[in-house]
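The next block holds one structure in the form of structure tokens; read it before the comments.
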2 protein chains.
Amino acid sequence: MPKFDKHFRMTESDAIEYARNRLPGFKGSNDLSCKEIGDGNINYIFRIEDLITGHSVVIKHADERTRSSGRPLDTDRNRIEAEILRLEREYAPGLVPEIYDYDPVMRCLVMEDLSDHRILRQELLAHRTFPRLAEDVSDFIVSTTLPTLDVVLHPSRKKELVQRYSNPQLCDITERLVYTNPYTNAAGDNKVFPPNLEFVKKELYENSELHLEVAKLKYGFMNNSQALIHGDLHSGSIFVKPNSTKVIDPEFAFFGPIGYDLGNVIGNLCFAWANAFATMESGQERDCYIAWVETTIRDLVDLFQKKFLERFPAVVTDRMASTDGYLEWFLTGILEDAAGTAGLEMIRRTVGVAQVKDLTSIEDSEARIFAERLVIMAGKSFILLRKDFRKSLFIVSTLNEVLSQMRI
Amino acid sequence: MPKFDKHFRMTESDAIEYARNRLPGFKGSNDLSCKEIGDGNINYIFRIEDLITGHSVVIKHADERTRSSGRPLDTDRNRIEAEILRLEREYAPGLVPEIYDYDPVMRCLVMEDLSDHRILRQELLAHRTFPRLAEDVSDFIVSTTLPTLDVVLHPSRKKELVQRYSNPQLCDITERLVYTNPYTNAAGDNKVFPPNLEFVKKELYENSELHLEVAKLKYGFMNNSQALIHGDLHSGSIFVKPNSTKVIDPEFAFFGPIGYDLGNVIGNLCFAWANAFATMESGQERDCYIAWVETTIRDLVDLFQKKFLERFPAVVTDRMASTDGYLEWFLTGILEDAAGTAGLEMIRRTVGVAQVKDLTSIEDSEARIFAERLVIMAGKSFILLRKDFRKSLFIVSTLNEVLSQMRI
């Protein structure tokens, strides 16, 4: 049987051979280089370049086991990712990498090489600003979710898509890592910064009012099949360069609450905000950076609403959903979910098993203690007060209120 | 090819031949009688009896077209019905007919003959009372929905079931006939009792506050995949005899709001209530019957809540859903949906294309005008005030309030 007719876990040299045999742009080339560039837990990312022509692609290769624990994982996520990337690119052409090929046997997704872009999280760590971010990300969310609503699509077609993109394994990860373990340490794998152990115990583990609100949000994540969402829209899933934004990695996609995507971006911008307070010296540079982060959060919310309000009436097909007041009610629900999700993301990335460099890279211990408490307290407020999120100011003013309370 | 190896629309004599060839209890028997006993639009119901032994079964046979308009209809509903009846019987053993066989080729569902029971709607038309009704129906709803929640089942298993019982075609019927057309006459097929045309125009077609609330309820029906529900639990789907209740016809089953089932039963009991006022002479007999209907509505709601509160803690597996206050929040949502659904059912069965004998059989024109207006106004109140449905009294007190206002 030819080498690539049955799935196996590829190495860099296998990837070169694969490109030479299977990918039109590299057929027969003898000057291919390959580098594994990913650091994820469940996939292998190879960058293939033809050293003569300069042509390059990225291959995302899914294994049947996780790298860390060897736990088996359904490679169907790779099929979902390929299909969703194509759909997203249709809906939001400039904001998603191009897909050249998908090989369901080798579980290889061959796509545009984004080496000229950088991961947003890394850029935020370096306190760089991206003026297009709010415009592009709000555009991505509205453009990719709006066409999948059942008041836009035919409801039967939407139900088909719900079935097709049911994503039980990756939803299960979110349900445990975002909606459960950070509040209960149920799996015993929370990674709390040791000086904050008592703080986390009191503020998170022993707060049943918070648990109740998290449980309600969890209900929505599990039952509200609102739209086809990205499902993992953190700052590691967004690639940027000064005039371009690309959203990648939709393997968590499923039909869930739109606010989950919006809130994830907001939560990750809040990490950037906290990181700046913890690591930058006070002064104009910090003020400018923080002003950009705050403006971006507000613009993201304002532009999201503006675009949704503008585009919805043009595409809605459901007669009842065209009633005055429906769209405002619908958006209010999305904002509530977004505030809740921002809070959940902030808490789980601080105490849960999957952490973020925005916090873990803070070298000064006092500064890290402070930043993590700030993030946790703001996250709690977002969850508990999410019904107040009608104005775009809510997030930024809550952040500043928590900050001023902690400084006293 | 043998006769029953390819689907065709069976007649009574085909059904006899089918029983003789395919059903163990009737193999080779020469004394079979068959009568088509159904009057539905999309299926053929045959009762087969062996005149010697007295053994009898019912065959529910699905055609690929509706009887009335010849519109094509997916026979997959028959597979869903067979599977759901088996599931429901596992969850609520005494309350669902036994399934003997399911033939996916001929789309034949062979089940227990319930000829010793009668259709609840017919019995209510005759103003007969059934003391077990609230007990049995509350038991049916709790027993069949509770085990399918994703805080009870493993969430991945639940997602599998959501896919398996996605029911786009029959949901589409409900979305149009319950949630849209009665308020818009969008399909032009509303059947309004002529003297009430102006009333319906004003109270339903031109009321945008009502449209908005209906649109919100429609959103929940389409997106809230709470539990595996029956989906069509009106008084024509319930068979009764004095000491037994059986729920049939779950072909509309899918993962939707539990309150949809509870509210449907409530709405249909409200028809019985209105029918009694319109057709019975005032006096003790009427008072007794109305008291029974009112008590049944209240008991149904009380018992539903009581059983849910008692049984949920014993089966819940989700840690967050075990938080204090969660179950109360969850039940509040169900009651809201139930009140809304009761109102929707009352309105759509009065003005929509699928009407009920409880109203259409009222011979006196004045009495019918009155009863239909009463039902419409109470239905509107249920929809608009559904957030007040915390106490079981809400339905009955609203009915009486609307009644007293109309009498002034």
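Test each condition in (1) at pLDDT below 95; (2) touching an Asp or Glu at 6+ places or on another chain (Cβ under 8 Å); (3) loosely packed, with under 15 Cβ neighbours inside 10 Å; (4) over 27 Å from A:Ser156 (Cβ atoms) for B:Ser29 and report the one that comes out false.
Looking at each condition in turn, B:Ser29 falls short on (3).
Hey, which of the helices (runs of 4 or more DSSP H) in the stretch A:177-248, taking only ones fully inside, have at least 2 residues that are within 9 Å of another protein chain (Cβ to nearest Cβ)?
Because the criterion is at least 2 residues that are within 9 Å of another protein chain (Cβ to nearest Cβ), the helices (runs of 4 or more DSSP H) in the stretch A:177-248 that meet it are A:181-184, A:208-223.
Which of the residues that make up the stretch B:1-21 are open to solvent by 30 Å² or more (accessible area, probe 1.4 Å), within 23 Å of B:Ser56 (Cβ to Cβ) and not hydrophobic (A, V, I, L, M, F, W, C)?
Correct list: B:Lys3, B:Arg9, B:Thr11, B:Glu12, B:Ser13, B:Glu17, B:Arg20, B:Asn21.
So if I check each of B:Asp302, B:Asp287, which one is within 23 Å of B:Ala126 (Cα to Cα) and assigned to a helix (DSSP H, G or I)?
Within the list B:Asp302, B:Asp287, the selection yields B:Asp287.
Pick out, from the stretch B:311-408, the helices (runs of 4 or more DSSP H) lying fully within it that include 2 or more residues that are among the aromatic types (Phe, Trp, Tyr).
Passing ranges, in order: B:326-351, B:365-384.
Considering only the stretch B:65-95, state which residues are free of Cβ contacts under 8 Å to residues at least 60 places away in the same chain and touching a Pro at 6+ places or on another chain (Cβ under 7 Å).
B:Arg65, B:Arg79, B:Tyr91, listed by residue number.
Mind checking which pairs have a first residue in the stretch A:153-169 that is facing chain B (nearest Cβ under 8 Å) and touching a residue at least 40 places away in the same chain (Cβ under 8 Å) and a second that is open to solvent by 20 Å² or more (accessible area, probe 1.4 Å) and of a type in the set (Lys, Arg), Cβ under 6 Å, 6 or more apart or different chains?
Sorted first by the residue in the stretch A:153-169, then by its partner, the pairs are A:Ser166/B:Lys159.
Quick check, is B:Ala187 modelled with pLDDT under 95 and not assigned by TED's automatic domain parsing to the domain that holds B:Ile37?
Against the criterion (modelled with pLDDT under 95 and not assigned by TED's automatic domain parsing to the domain that holds B:Ile37), B:Ala187 qualifies.
Yes/no per residue for (1) farther than 12 Å from A:His127 by Cα; (2) part of a helix (DSSP H, G or I):
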{"position": "A:Gly263", "(1), (2)": "yes, yes"}
{"position": "A:Asn268", "(1), (2)": "yes, yes"}
{"position": "A:Asn275", "(1), (2)": "no, yes"}
{"position": "A:Ser282", "(1), (2)": "yes, no"}
{"position": "A:Trp292", "(1), (2)": "no, yes"}
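From the list A:Thr53, A:Thr129, which one is farther than 19 Å from A:Asn167 by Cβ and assigned by TED's automatic domain parsing to the domain that holds A:Lys357?
A:Thr129
Restricting to the stretch A:371-393, and then to whatever is within 21 Å of the chain's Cα centre (by Cα) and modelled with pLDDT under 95, can you tell me which residue is farthest from A:Met346 (Cα to Cα)?
Step by step, filter the stretch A:371-393, then rank; the result is A:Ser392.
Given the criterion touching a strand residue (DSSP E or B) at 6+ places or on another chain (Cβ under 9 Å), open to solvent by 30 Å² or more (accessible area, probe 1.4 Å) and either hydrophobic (A, V, I, L, M, F, W, C) or part of a loop (DSSP other than H, G, I, E, B) (or both), identify the matching residue among A:Ile45, A:Ile80.
The conditions single out A:Ile45.
Inspect the stretch A:108-127 for any residue being of a type outside the set (D, E, K, R) and in contact with a His (Cβ under 6 Å, 6 or more places away or on another chain) and give the result as yes or no.
Yes, the stretch A:108-127 has at least one match.
Going by the conditions given, is B:Gly231 modelled with pLDDT under 95 and either more than 22 Å from B:Lys387 (Cα to Cα) or in contact with a Pro (Cβ under 8 Å, 6 or more places away or on another chain) (or both)?
Spelling it out, it is not the case that B:Gly231 is modelled with pLDDT under 95 and either more than 22 Å from B:Lys387 (Cα to Cα) or in contact with a Pro (Cβ under 8 Å, 6 or more places away or on another chain) (or both).
Quick check on A:Pro104: is it closer than 29 Å to B:Lys159 by Cα and open to solvent by 10 Å² or more (accessible area, probe 1.4 Å)?
yes
Among the residues of the stretch A:185-206, which ones are touching a residue at least 24 places away in the same chain (Cβ under 8 Å) and either open to solvent by 20 Å² or more (accessible area, probe 1.4 Å) or aliphatic (A, V, I, L, M) (or both)?
Residues satisfying the conditions are A:Ala187, A:Asp189, A:Asn190, A:Lys191, A:Val192, A:Phe193, A:Pro195, A:Phe199, A:Val200, A:Glu203, A:Leu204.
Answer yes or no as to whether B:Asp50 is in contact with a helix residue (DSSP H, G or I) (Cβ under 8 Å, 6 or more places away or on another chain), at pLDDT 85 or above and farther than 16 Å from B:Arg107 by Cα.
Yes.
Here are some conditions: (1) touching a Lys or Arg at 6+ places or on another chain (Cβ under 6 Å); (2) open to solvent by less than 10 Å² (accessible area, probe 1.4 Å); (3) among the hydroxyl-bearing types (Ser, Thr, Tyr). B:Thr75 meets all but one. Which one does it not meet?
Checking B:Thr75 against (1) touching a Lys or Arg at 6+ places or on another chain (Cβ under 6 Å); (2) open to solvent by less than 10 Å² (accessible area, probe 1.4 Å); (3) among the hydroxyl-bearing types (Ser, Thr, Tyr), the one that fails is (2).
Tell me, yes or no, whether the stretch A:364-377 has at least one residue that is without any contact (Cβ under 8 Å) to a residue 60 or more places away in the chain, closer than 30 Å to A:Ile173 by Cα and in the same structural domain as A:Ile258 (by TED's automatic domain parsing).
No, because not a single residue in the stretch A:364-377 is without any contact (Cβ under 8 Å) to a residue 60 or more places away in the chain, closer than 30 Å to A:Ile173 by Cα and in the same structural domain as A:Ile258 (by TED's automatic domain parsing).
Please find, within the stretch B:282-335, the residue that is farthest from the other protein chains (Cβ to nearest Cβ) out of those that are open to solvent by 30 Å² or more (accessible area, probe 1.4 Å), over 19 Å from B:Asn268 (Cβ atoms) and of a type in the set (Asp, Glu).
This residue is B:Glu285.
Against the definition (within 13 Å of another protein chain (Cβ to nearest Cβ) and under 24 Å from A:Arg157 (Cα atoms)), how does B:Asp172 come out, yes or no?
yes
Inspect the stretch A:224-247 for any residue being more than 17 Å from the chain's Cα centre (by Cα), closer than 21 Å to A:Ile383 by Cβ and open to solvent by less than 20 Å² (accessible area, probe 1.4 Å) and give the result as yes or no.
yes
The values are calculated or read from the model by the stated rules, or taken from the named source; none is laboratory data. Not measured: the values here are computed from a predicted model. Heads up, the Cβs are rebuilt from the backbone with ideal geometry, glycines too, and the neighbour counts pull from every protein chain shown. These accessible areas exclude ligands, DNA and RNA; they are computed on the full protein's heavy atoms, side chains included. Shrake-Rupley method; radii C 1.70, N 1.55, O 1.52, S 1.80 Å.
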